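Some notes on the structure that comes next.
The values are calculated or read from the model by the stated rules, or taken from the named source; none is laboratory data. Remember, it's a predicted structure, so these values are computed and weren't measured experimentally. All Cβ positions, glycine included, derive from the backbone under ideal geometry; neighbour counts span all protein chains shown. Ligands, DNA and RNA are excluded from the accessible area calculation, which covers all protein heavy atoms including side chains. Shrake-Rupley method; radii C 1.70, N 1.55, O 1.52, S 1.80 Å.
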Amino acid sequence: MEYYFAPMEGITGWVYRRIHHRHFPGMDKYFSPFITPGSKKAMAPRECRDLLPEHNEGCPLVPQILTNRSEDFLGACRALKDWGYREVNLNLGCPSGTVVAKKKGSGFLAYPRELDRFLEEIFSGTDLAVSVKTRIGKEDPEEFYPLLEIFSKYPLTELIIHPRIQTDFYQNRPNLEVFARALSHTKIPVCYNGDLFTRGLCEKFTDRFPEIDTLMMGRGLIRNPALVRELQGGKRLEKDELQAFHDDLLAAYETVLSGDRPVLFKMKELWFYMGSLFEDGKKQLKAIKKAQSCLEYKAAAENLFSTARFII
């Protein structure tokens with residue numbers, strides 16, 4: 001089984017990936033938060049910093065691209081190839097309203113003819129490996145079958161399927177019935193993504209779909225950064241090592257970010273996921289949320305780790 005770390009905007013940037021890889025090696029691939037190339041620049045400065053080879057040394061990283069313009073996609077491919085990347089991923093899954101309104105992400109799925117032409121142009125214009133991360137449609141799961149026929153025309157290295165429609169956002173359950181039907185309708189290697197939050201949920205999924213040998217996880221890995229190690233037969237996450245990971249991540253953000261405010265924003269966002277690991281930590285988590293300086297934050301986090309019950 002191979003395991004991928006899903007991209008999560010604002011969370012899984014290069015600093016997080018490096019610290020995670022250092023503490024919890026074993027990921028087969030990390031996927032970057034999407035870049036949005038334009039006609040003038042392949043990447044914005046912030047996107048460049050995230051993908052610089054020296055920032056990702058040792059991490060098996062796949063850059064993700066969000067666009068509906070083949071020339072912009074190919075421009076990004078050229079820049080990334082110069083940096084040594086050999087695979088890119090096309091984002092057809094982002095459900096954000098602002099993204100969808102521009103016919104990008106999962107919004108592009110509503111325009112199959114344009115998508116078909118786009119794929120023809122990018123596959124004839126680059127020798128990089130190209131995988132696709134997709135939802136199963138914009139408004140109706142039945143949209144996925146003609147889309148699957150389009151995907152099957154091209155040499156995708158992989159099709160990463162998140163079996164929700166765009167209008168689901170992250171509500172409702174992944175549509176495993178459509179996913180099962182899709183498996184029987186394609187020869188493209190398939191990776192599954194969606195609601196794999198715990199070891200038990202991963203094992204339940206693989207029991208139902210033993211033919212799947214690649215899983216992508218996002219929110220589950222943010223909650224439990226050792227989840228893949230557990231799935232590989234290793235030990236469960238321990239509180240001390242979570243604290244060591246947390247402390248190293250905090251120190252790294254303090255080094256590369258300017259001022260307390262951006263550091264606090266990054267760290268507080270993690271507790272939306274990791275907070276559930278502490279059974280009686282409501283009061284301590286509230287103090288973390290209210291912290292106005294890194295000094296206050298560190299004291300609140302230390303109090304959580306030293307007093308709350310860890311329940312992984």
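Applying both filters, DSSP loop and at most 12 other Cβ atoms within 10 Å, to the trypsin sites (Lys or Arg not before Pro) of the range 1-60 gives LYS40. Semi-axis lengths, largest first, of the ellipsoid equivalent to the range 4-130 are 25, 16, 13 Å, with √(5λ) applied to each eigenvalue of the Cα gyration tensor.
Among the protein heavy atoms, those of TRP14 account for about 50 Å² of accessible surface (1.4 Å probe, every chain in place). The longest part of the chain holding none of the exposed loop GluC sites (Glu not before Pro), meaning those outside H, G, I, E and B in DSSP with at most 15 other Cβ atoms within 10 Å, is 58-138. In whole Å, how far is the Cα centre of the range 191-212 from that of the range 80-118? Distance between centres, Cα-based: 25 Å.
By the compact-protein rule of thumb, 2.2 N^0.38 Å, the alpha-carbon radius of gyration of the chain corresponds to a ratio of 1.02. When the Cα atoms of the range 171-287 are aligned to their principal axes, the ranges along those axes come out at 52, 29, 26 Å in descending order.
Once R0 is set to 45 Å, what does the formula 1/(1 + (r/R0)^6) return for the Cβ-Cβ distance between GLU279 and ALA180, expressed as a FRET efficiency to the nearest 0.05?
Approximately 0.80, to the nearest 0.05.
Surface composition of the chain: carbon plus sulfur atoms hold 50% of the accessible area, using a 1.4 angstrom probe and ignoring ligands, DNA and RNA.
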